[in-house]
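Take a look at the structure set out below.
The values are calculated or read from the model by the stated rules, or taken from the named source; none is laboratory data. In this text, all values refer to a predicted model and were calculated from it rather than measured experimentally. Methodologically, a virtual Cβ is constructed for each residue, glycine included, from the backbone with ideal geometry; neighbour enumeration extends over all protein chains shown.
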């Protein structure tokens, strides 16, 4: 038990150091300038018929507020020909792509864009309150994350996933600020069209399943360095919608996690593996400590749980979801077991996630 305690303390010490570098290490603010109005919005669409009428209205209002915007919707083989069934505003260009997959939908949209800045977002992003005039980013940023906040949903299950998304997204934002990219979210990205096109020829991951957020981010970092990455400064995180169905939410997380082994970043893989070891190890070490009366093992395990709880509380507050604070203790209690089920699902299921 002494050896286990020493090994556990060493693992936690390394993990806390990683968390410090990701979340708490001081970083130099780069000068931000207002986002240019010459922006092309690229939205991949697949079977979004229930969302599209509202989305089209939001886009029309957004174009009225921000003249010069170009909007491209790229359909990825939806089951309905929605662009013939709905009234499409003149400000929107619709592309029905021949290839399959979200990556190709994004690529086709970017290649069609006539503006130099791309705002890539998912169809479930709430564009109604977006005000590009208030957004700022550094001129040397070629790839920027947009702060998001999960829109409020009903039910305990939805609250759990909202806390999880808030924590992961918060970590992604903070790691980007410090030039140590760890997580991304394709629901809202801003990047240079030219940077995107310049990385296309260097990449060999177009046939890999899933979206293009992490793959594009890592490709740009490798080509232009960490200083080319950043976070957009906005007045308030943009709401993004999620379903309330447990099955859909869990499958979505499996899809997110399933692409992780394909991300070619040592830093990303090291932190991901270390995080899994620590989080899965928390209940195991707690039981061992209680059973063997090991004070060091018990105190370090509880201490790590408290640290992760503090990070979760900070995440939901930063992303304007203080209504989730009461669900953080439950989230911390359930998350290790949820993560175990997620790993089992990743190892046993092989769906087509393109």
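Looking only at segment 262-298, which residues are assigned to a helix (DSSP H, G or I), touching a residue at least 60 places away in the same chain (Cβ under 8 Å) and over 29 Å from the mean Cα position of the chain (by Cα)? Residues satisfying the conditions are 285, 288, 292, 296, 297. Screening the candidates 249, 274, 183 for the property of being out of contact with any strand residue (DSSP E or B) (no Cβ under 7 Å at 6 or more places or on another chain) and more than 20 Å from residue 18 (Cβ to Cβ) yields one hit, 249.
Of all residues in segment 152-178, those satisfying the criterion of being more than 16 Å from the chain's Cα centre (by Cα) and over 14 Å from residue 323 (Cα atoms) are 157, 178. All of (1) crowded, with 21+ Cβ neighbours inside 10 Å; (2) farther than 26 Å from residue 275 by Cα; (3) without any contact (Cβ under 8 Å) to a residue 40 or more places away in the chain hold for residue 245 with one exception: (1). Residues that are more than 16 Å from residue 71 (Cβ to Cβ) and surrounded by fewer than 15 Cβ atoms within 10 Å (Cβ to Cβ) were ranked within segment 85-130; the one that is modelled with the lowest pLDDT is 129. Any residue that is part of a loop (DSSP other than H, G, I, E, B), under 17 Å from the mean Cα position of the chain (by Cα), in contact (Cβ under 8 Å) with a residue 12 or more places away in the chain and under 20 Å from residue 214 (Cβ atoms) - is there at least one of those in segment 331-353? Yes, there is a match, as at least one residue in segment 331-353 is part of a loop (DSSP other than H, G, I, E, B), under 17 Å from the mean Cα position of the chain (by Cα), in contact (Cβ under 8 Å) with a residue 12 or more places away in the chain and under 20 Å from residue 214 (Cβ atoms).
Residue by residue through segment 62-74, note down the ones that are surrounded by 13 or more Cβ atoms within 10 Å (Cβ to Cβ) and over 21 Å from residue 200 (Cα atoms). 62, 63, 66, 69, 70, 71, listed by residue number. Listed by position, the helices (runs of 4 or more DSSP H) contained in segment 44-151 that have at least 1 residues being under 23 Å from residue 229 (Cα atoms) and within 18 Å of the chain's Cα centre (by Cα) are 102-112.
Matching residues to (1) free of Cβ contacts under 8 Å to residues at least 60 places away in the same chain; (2) under 21 Å from residue 310 (Cα atoms):
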| residue | (1), (2) |
| --- | --- |
| 120 | no, no |
| 145 | no, no |
| 150 | no, yes |
| 188 | no, no |
| 198 | yes, no |
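Going through (1) surrounded by 15 or more Cβ atoms within 10 Å (Cβ to Cβ); (2) part of a helix (DSSP H, G or I) one by one, residue 230 falls short only on (2).
For segment 240-260, the condition holds for at least one residue, the condition being that it is part of a strand (DSSP E or B), under 18 Å from the mean Cα position of the chain (by Cα) and farther than 19 Å from residue 335 by Cβ.
In the set (1) out of contact with any helix residue (DSSP H, G or I) (no Cβ under 7 Å at 6 or more places or on another chain); (2) under 17 Å from residue 186 (Cβ atoms), residue 85 fails one condition alone, (2).
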